[in-house]
1. Using a 7 Å offset from the Cα along the Cα-to-Cβ direction at both A:Thr453 and A:Gln141, what is the distance between the two label points in nm, to one decimal?
2. Below 16 Å, Cα to Cα, which aspartates and glutamates can B:Lys54 reach? Residues fewer than 8 away in the same chain don't count.
3. If a paramagnetic tag sat 7 Å from the Cα of A:Leu83 along the Cα-Cβ line, which residues of the stretch A:239-271 would have the backbone N under 19 Å from that point?
4. Out of residues 5 or more away from B:Gln257 or on other chains, whose amide H comes under 5 Å of its own, with H placed 1.01 Å from N in the peptide plane?
5. Take every residue in peptide B:84-90, count the Cβ atoms of other chains within 10 Å of its Cβ, and give the average of those counts.
6. In terms of the Cα gyration tensor, with a ≥ b ≥ c the square roots of its eigenvalues, is chain A rounded because a/c is under 1.5, prolate because a/b exceeds b/c, or oblate?
7. Just going by the charge dipole of the protein assembly as shown, with Lys and Arg at +1 and Asp and Glu at -1 on Cβ, which of B:His330, A:Ile174, B:Gly260 is farthest out on the positive end?
8. Can you put A:Leu32, B:Leu98, A:Leu412 in order, fewest other beta carbons within 10 Å first?
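Values in this text are rule-based calculations from the coordinates and carry no lab data. In this text the structure is predicted, and so the values were computed from the model without any measurement. Ideal geometry is used to build each Cβ from the backbone, glycine not excepted, and the neighbour counts take in all protein chains shown.
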Amino acid sequence: MASNAQAIATPAHTVRPQLSRDDRIMRGFILLVGVWMVVTVLLPLYFMLSKSLEDRGGDFVGLVNYAAYFSTPALFYSIGNSLTIAAVSTVFTISLAFVYAYALTRSCMIGKGTFRVIALVPLLAPSLLPAISFVYLFGNQGIIKGLLGGNTIYGPIGIVMGEVFYTFPHALMIMVVALATADGRLYEAAVSLRAGPVRTFFTVTLPGIKYGLISAVFVVFTLVITDFGIPKVIGGQYNVLATDIYKQVIGQQNFQMGAVVSVVLLIPAVAAFIADRIIQGRQTAALTSSSVAYEPKPRRSYDLAMTGYCALIGFMILGIVGMAAYASFVQFWPYNLTLVLKNYNFDVMDGGGWASFYNSLRMAAYTAVFGTAIIFTGAYMVEKARGFGAVRGGIQFLCILPMAVPGMVLGLAYIFFFNHPDNPLNFIYGTMAILVIVTITHFYTVSHLTAITALKQMDREFESVSSSLKVPFYKTFVRVTVPVCMPAILDVSIYLFVNAMTTVSAVIFLYSPDTALASVAALNMDDAGDIAPAAAMCMMIFYAAATVRILHVLATRGLARRTQAWRTR
Amino acid sequence: MKPEAGQAGAVRKPFLRISDLTKMFGTFAALRDISLDIYEREFVCFLGPSGCGKTTLLRAIAGLDIQTSGRVEQAGTDISALPPSERDFGIVFQSYALFPNLTVKKNVAYGLQSRKATRAEIEARVAELLVLVGMPEQGDKYPAQLSGGQQQRVALARALATSPGLLLLDEPLSALDAKVRVHLRHEVKELQHKLGITTVMVTHDQEEALTMADRIVVMNQGVIEQVGTPLEIYRDPQTAFVADFIGTMNFVPGVVQGPGRVRVGQLDLTCQIDGLSQGTDVTVAVRPEDILVPEGKPVSENAFDARVGDMEFLGSFFRADLVAEAMGEHSLRADMSINIVRRLNLKQGDMLPVALPAERIRVFPGQ
């Protein structure tokens, strides 16, 4: 027997633990997750990096492409442009979202629930939507173009405005969490020590939300610098890195230069990601079990001002979405404002027609179902397996890596990897499968971290109890882990669905005529000058995402009532 | 007194035998060369401060964190390397670890369902177990609807459901309110006695160990300090650590003067000294309740006068600081009954003749 042979081979008293059937199955799963991550993240990135070091014939040429890149001002100016846009947008978004979050958490304003929902509306729209909307509002024939004082919306102004709309909810969610976890006792102490409101703000409030604020800054910066939809639609002649990749690959078929720009774009994204990881690593729990939640006290004029502020922001958000909705019904902007449905007749336009919308629905559904299954199971195995530390650590790293990879870069990397003639997985190129896989990978990290957080909240002895009762782990996984984590599982699936509906960047290089997607169709229609149909398609995406979101809320409530009865005392 | 499990064990074969067990975490030795025999039907407590290795030892026995080296044998079989699912034990954790989305009945039946038992058999067994832990009516509730004490009973029923040969309890009472804890202590002990199941419990609470265990294993920094019945551990601590950890103890430095004599300050005390040569520095230990107030009766042995310092009122007795000139700057804490304090009309500053009975003094090497 193997165990006897081991006992003889090793020093008499050193114990080599035997693996149970559970251990072997879990390790099998972990290896599968590892192979999945290597194939979907690591190898494509490697292929992209090596592509940037090759000439058109595929021979290794070292840094020649990079030399060419940095000697072409038209190309490397984009670096400055991208950084400027990202920095300016970040300042605006963070300032606006901070006050909004402060109003939601630290005032007694009215309609908090409604304002919270309104602020999250941009999440349901593709990033093209605000850009298209701004064309109608501030474009050459825009209804309020006078507000720009003669400046054109096509360029940095339009990009920044669009990015602020698009990143606002992301910053808001992080800062609401940071502001909501304040310890009320610190404020009582500040009052009793006679600190004024300004001093209290700088000595209590700001230090308390420091980590949330920093995290929001990095998230917004990364979203803006990697975004493709907004600069594509409204950027005009103003080039940024993300649109450069598109131009090199689609416009000039220069894949090597596309890879070079991708590497250049990867650098700030990875830097922001690493900086955020390092800073968040220093964070210690701000809230202890003895903390007292901060309760704002009513102050009439202050609360009114906060309500007014949120109402203004809310009005702008709804106005931007409303503009696109309205424009999508207009016969011929701005000359004939009759409301008609002709712009929804996608089948007579280039871009993919209604089929692209149904493709998007299918793609989003597959992404939600398979993505949630893969990500949650993977997170469970990595989190709960016994031993196998090095492999688990490596896979943990691979699971958070996609966060640092811009969608455009991932998409291009997939071309290089999956379209390689020698790749046995070549057959998925141009199919729905590759779109689903790239989308799962693109949004893997946030989903993975959500799953890990939920799993960490489970008693770590559940698995010990199961094994002592000789119940295989997969039974406990099905009977206990999945039901208890159902809210997190639903959150992950809805996150994947909505993002799969709205994403452009990762899929733009990978769709085929049979698998055109709604967001890509909107982009192509806009490119062809069909702006109203593009707005209509964006609105279809918005309606689909909103419907699914509402269904999710209802389903969560129903589920909570039926199967989560144990949560209530 | 407790049933003499230790003596009975001498003729029985050990049920659980741990030999030369060491557990390393990196370069840190959490357990060092632990050897221990546990006998059938015995209730053994691992007692020690946090970080002493008691939970690590329990988890090694369970196979949850397998030792680096050493053997664990259960019922004559070497289980050293086996994963938990191939060992024979039931376990209860401090956190209860009840499955929150399953009812009490389903929790208790959890381990039964994977065995070849009919639904009726399972139901009968679950009902029997719920009666056993005193919760026959609560089967359809969810864990969140139960109090902490009730949850721990369910966890116990779940662990016992498959009739394991060994019951492991990891600080099972530590998360409970003081009153519930005292009550449950008694019930768990009674249940264990009734079922006759060999039980190992980890605790940092000496009162829990003293009241529940047949034998206590006192641990400190990864080694066993002493193994014995609660009375042996309390009356006859083998090391200064045990003496200090269990109950309250006065420690004063002394020097061995000769056979049976030790000098503390200017005081020569008669006591038992094993194998310490003259001139060795020692620590002299005596419990507060062992300090005698002769009340006029003539006592020649180890008697001296002391001044009463602070008197702390602890309900049924006073704990007083005694300062004796003869002992130098060291003071002793002594427990005095309400009666003595009243009879002698004791108050702070009074002089009082006291005595230390020779058989109650313990001497440990080193200062």
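1. Output for this residue pair reads 4.6 nm.
2. Partners found: B:Asp20, B:Asp33, B:Asp37, B:Asp65, B:Asp170, B:Glu171, B:Asp205, B:Glu208, B:Glu225.
3. Of the residues in the stretch A:239-271, A:239-245, A:260-271 have backbone N under 19 Å from the label point off A:Leu83.
4. B:Val262, B:Arg263, B:Gly279
5. Rounded to a whole number, the mean comes out at 5.
6. Since a/c reaches 1.5 but b/c is at least a/b, the shape of chain A is classed as oblate.
7. A:Ile174
8. On the way: A:Leu32 14, B:Leu98 25, A:Leu412 30.
With the fewest neighbours first, A:Leu32, B:Leu98, A:Leu412 line up as A:Leu32, B:Leu98, A:Leu412.
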